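Here's the structure we're looking at; comments come further down.
The values are calculated or read from the model by the stated rules, or taken from the named source; none is laboratory data. Being a predicted model, the structure only gives us computed values, none of them experimental. Cβ: placed from backbone, ideal geometry, glycine included. Neighbour counts: every protein chain shown.
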There are 2 protein chains.
Amino acid sequence: MKVITISREFGSGGRELGKRLADFLGIPCYDHEIIDMVAERHGFDKNYVAHISEKDIRLFYPSTIAHRFPVNRPAAQQPLQITAAEQAVIKQLAKEGDCVIVGRGADIILNDIKPMNIFVYADKESKLARCRERAPKGENLSDKEILRNMKQIDKERMAYHNLLSETEWGSKESYNLLINTSGKKIKTLIPGIAEYVKLWFEED
Amino acid sequence: MKVITISREFGSGGRELGKRLADFLGIPCYDHEIIDMVAERHGFDKNYVAHISEKDIRLFYPSTIAHRFPVNRPAAQQPLQITAAEQAVIKQLAKEGDCVIVGRGADIILNDIKPMNIFVYADKESKLARCRERAPKGENLSDKEILRNMKQIDKERMAYHNLLSETEWGSKESYNLLINTSGKKIKTLIPGIAEYVKLWFEED
């Protein structure tokens, strides 16, 4: 069973890398699809699931509730339920067959089955350039605004990782391979990554 | 021009990885050879060069001299001369053609020519096992002693790196690819790394 998880800095091209790697290997890639599955299976609103996903869910509770009382009001339970549902979906997908899973703490959630964990990152300039390239038409954020968003999203990803695990998000000890995409076209690199991934699993 | 530098934690198999990668790519690998070259070209004793290499040379000067006076006594100049000679040899080798260079701050010394910088690391158990496998017959160090040596050597490598550069030794921002060799046979992984390296250079 080959399960590859991709953790990534915002703007580093991790999602593109995951998608292209999966295509090259002929296996499915799960990213936003997980949000859709959680929403559909559990009757949540998609946007709400997306809002909760990959964040430290303690943020969604007033500190007095989170610290002093068990959470037991139906509305308050939603973030917990969504996180649990997301984890169940990820485990199910990994059981169904070889796949690539992007983000959502899959590296930690699937720890038992020893996935190959890849971290994708880049320097600030490359991430800015990538964000600009992909910005929807009409979106005119300044560099400062893009960098602020970037920092905020990475902070949320880090908080979610660190909530699930004792290892550090983005620290090399937490991954099997770390790929710096600075100044590189991801498409070009894929056959090399795919070859490495195949050999990495062969060895087990 | 393809120059690949390998930085590595002690016991991670970085040297083996560098040698095998170079063999696979059909290019030379320079590691201890650099010490021999420095010793031969400059008439230093090999063991003395090895002793100085990859360390923070400030350690070889009494702090009063290092901080207050320019070093100008012939004997005191030797560590400085050896470091300078090593850097000149590394630059010369990189000029001569495609190659792999293991350690010795080559990633920083060659910064101008944009080498591909790889960092090789592993978890403690894997590094211990590798050190045990490679120990000379009759050497019976305890795990504690091996770990102490490991820590000391990595500390020296880190100090040498951080003396030459503002980047951090072992921190992902300083490298293009970080390879975790924990529990893996390096030999098996080489064709994947080689493919990735080729594509990485193609892209420029």
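Based on what the data block shows, is A:I118 crowded, with 17+ Cβ neighbours inside 10 Å, at pLDDT 90 or above and outside any helix (DSSP H, G or I)? For A:I118, the condition - crowded, with 17+ Cβ neighbours inside 10 Å, at pLDDT 90 or above and outside any helix (DSSP H, G or I) - is met. Restricted to the stretch B:1-115, the set of helices (runs of 4 or more DSSP H) holding at least 1 residues that are at pLDDT below 85 comprises B:32-42, B:46-52, B:63-68, B:74-96. Residues that are assigned to a helix (DSSP H, G or I), of a type in the set (K, R) and surrounded by fewer than 17 Cβ atoms within 10 Å (Cβ to Cβ) do not occur anywhere in the stretch B:172-184. In the stretch B:145-171, the residue that is nearest to B:S12 (Cα to Cα) out of those that are buried (at least 19 other Cβ atoms within 10 Å of the Cβ) and among the charged types (D, E, K, R) is B:D154.
Of all positions in the stretch A:177-200, none carries a residue that is within 17 Å of the chain's Cα centre (by Cα), small (G, A, S) and more than 7 Å from chain B (Cβ to nearest Cβ). The single condition among (1) farther than 15 Å from A:D107 by Cβ; (2) touching a strand residue (DSSP E or B) at 6+ places or on another chain (Cβ under 8 Å) that A:W169 does not satisfy is (1).
Farther than 27 Å from A:T181 by Cα and not in a strand (DSSP E or B), is that true of B:I146? It is true that B:I146 is farther than 27 Å from A:T181 by Cα and not in a strand (DSSP E or B).
Residue-level analysis places B:V100 outside the set of residues that are within 14 Å of chain A (Cβ to nearest Cβ), touching a Leu at 6+ places or on another chain (Cβ under 7 Å), closer than 22 Å to A:K172 by Cβ and not basic (K, R).
Looking only at residues in the stretch B:121-143 that are more than 14 Å from chain A (Cβ to nearest Cβ) and surrounded by 13 or more Cβ atoms within 10 Å (Cβ to Cβ), which one is farthest from B:I6 (Cα to Cα)?
In this case the residue turns out to be B:L141.
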